[in-house]
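Since every read-out is calculated from the coordinates, none of them should be taken as a lab result. These figures come from a predicted structure and were not determined experimentally. Cβ sites come from the backbone with ideal geometry, for glycine too, and all protein chains shown count toward neighbours.
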Amino acid sequence: MLLTADIVKQFDGGPRVEASIQIEGAASIMILFGPSGAGKTTVLRCLAGLENLTSGRITFDGEDWTKIPPQRRSVGYLFQDYALFPHLRVRDNIAYGIKHSHGSIEQVAEMLRVRDLLNRWPSELSGGQQQRVALARTLVRKPRLLLLDEPLSALDAATRDHVRSELAHILRGVGIPAIVVTHDWVDALTLGDQMLVMSGGRVLQTGPPEEIFTRPQHREVAAAVGVDTVIAGRIQRREAGIAVLQVGSGQLAAADPGGADVDFYVCIRGDDVTLEKGRADQSSARNHLRGTVAEIAAAGILTKVIVDVGFELVALVTRQAVADLELTKGAEVFAVFKASAVHLIPNARM
Amino acid sequence: MNWEAFFTTLKLATVTSLILLIISLPLSYWVAFSKWRFKFLVEAVVALPLVLPPTVLGFYVLMAMGPQSPFGRLYERLAGHGLPFTFEGLVIGSVLYSLPFAVQPMAAAFGSVDRKYIEASWMLGVSNLGTFFRVIIPQSWAGVITGIVLSFAHTVGEFGVVLMVGGDIPGVTRTLSIDIYDQVQALNYSSAALTSAMLLIISFLILSIVYGLNRKGWLFVANRGHRQAI
């Protein structure tokens, strides 16, 4: 095991954060995922040595890091807004943490395509360029572990997609294990080999990102990973592998989870729901729920439409679809989704 | 214009602000970053000269230097003469008197350096001391220079402490502010007016420098050697 961390951090009169992290492979990327306030950055800062542990232990490659100051951990830390020193040019920023260059600055600048920027000031760089310079400043020291705190959140939506794939490419290229904090599921799916979902200072689920997104194990995970509809329901009847659930005053069909449980959280991702004006006669989708539009709101490039079908169902559709279907508040619409798009999580609280 | 008093004042203010630079850098760093819970007591002591009558401060400094005090006796044994009514004694009094004028702007500047730059420096393997000189001070120039210039100006203008600790020895401890007092006592108004005008102009110039330095962005741009991206 390369990294083993058992972290307990109790802030004075404040929140408590607990997490266990293991990294096996030399080049794997671990995602720390969760809503803001979940404790992700605290975990990262503990690994960096910027926060002392209340209790627990951090070992890396056989070394005990628990009480080692940040300067001696050979950890590269990428700050949320990159923290380039404003009083130093790009070249001096990159050279800041090394004693002798021996051409390593040119080398890393070449790799990260910042060679032409070496004489600029940080304030003259775009967000994406700042990120590459900050990575260069870190990588030139040849760290053994990379910690990235929300590496894409300082960028505007237009550059984020481009920088994200570039970052994925860089992280794969350097072959240094990395831990990336994010609350964006696209980041998680693009960058991560493993993922750890945190909420309220605790780890809720660990596993490969795809698995967590399609099979969240707790209601909080489902909410944290961005499954849009999470609501309690009860199985009314089961027939031929299909379970029919009462949800609010509506009903829906889901794949029968088996077992004896009847109370579940119904989780439906917004992009699995299609909206239609009339009822299609032939369709493989089991659920055609008639409802009225309760709310329409922009959600990035998509539009989030909440339809009251006896319960509030969230659909993510394109703006074009909203225009084509002439969706307005109060309009009648059919929400269509497959039974297999309904993910049921046992509701132990009932 | 008493040139002897002018040069005594200049020498006193220069020596005092240089000593204050050396003392205040670490002291301000401690004031800005220490998490000790009784730090406020030290802050209060540093700020005392702001509210204490200079004669009171001067009185205590005089007592501390005198042959009754261990410090005074130690100094006398080492140096062969006492501290009261000497230039060295005057420097000690001035350093104490101007301490808050050096420490407060510096501590405020250090404390306002964004913590992420300090942590970024640590994460790049640089020690606390290295971080102080390579990140904190370069981003606090305005505060450091303000502290030094203010303590210089404050020393030029001091009267009570100089009179108590230094006496009024021409060429040794007679400064411009004392000289003005002496001139007025001697009904020599024209000389007093000239010296006063001189001090007024010097003080105005010094304060203009301080406020100019602290104009937003000015020093930062000068520091970076070009005028873009303010």
Per DSSP H run of n ≥ 4, the term is -39500 (n - 2.57); total these for the protein assembly as shown, divide by its residue number, and report the mean residue ellipticity at 222 nm rounded to 500 deg cm²/dmol. -13000 deg cm²/dmol
How many lysine pairs in the protein assembly as shown, separated by 8 or more positions in sequence or lying on different chains, have Cα atoms less than 19 Å apart? 11
Under Karplus coefficients 6.51, -1.76 and 1.60, residue-wise ³J(HN,Hα) of segment B:94-100 in Hz, glycine/proline x: 5, 4, 5, 5, 9, 3, x
Taking only C-alpha pairs under 8 Å that are 6+ residues apart, what is the relative contact order of segment A:250-350 in percent? 44
Any chymotrypsin sites (Phe, Trp or Tyr not before Pro) in segment B:60-118 that lie in a DSSP loop and have at most 10 other Cβ atoms within 10 Å would be none
Once you charge only the Cβ atoms, +1 for Lys and Arg and -1 for Asp and Glu, what is the size of the charge dipole of segment A:258-316 about its Cα centre, to the nearest 20 debye? 220
For segment A:261-335, which semi-axes, largest first and in whole Å, follow from the square roots of 5 times the eigenvalues of its Cα gyration tensor? 20, 15, 12
If you place +1 on the Cβ of every Lys and Arg, -1 on the Cβ of every Asp and Glu, and leave all else neutral, what size is the dipole of the protein assembly as shown about its Cα centre, to the nearest 20 Debye? 740
Cα centroid separation - segment A:198-221 against segment A:146-179, whole Å: 22
Long-range HN-HN contacts of B:Arg174 with modeled amide H, under 5 Å: B:Ile169
Rounded to the angstrom and largest first, Cα extents along the principal axes for chain A equal 72, 45, 37
Could you give me the ³J(HN,Hα) list for segment B:71-85, computed from phi with Karplus coefficients 6.51, -1.76, 1.60 and θ = phi - 60°, whole Hz, x at Gly and Pro? 4, x, 5, 4, 4, 5, 5, 6, 9, x, 8, x, 8, x, 6
Report the net charge of residues surrounding A:Glu166, where surrounding means a beta-carbon distance below 12 angstrom and charges are Lys +1, Arg +1, Asp -1, Glu -1. +4
In whole Å, how far is the Cα centre of segment A:240-262 from that of segment A:1-24? 38
Under 5 Å, built H, 5+ apart or other chain: amide partners of A:Asp256: A:Ile242, A:Ala243
Over the Cα atoms of segment A:134-264, what radius of gyration and what Dmax do you get, in Å? 19.6, 62
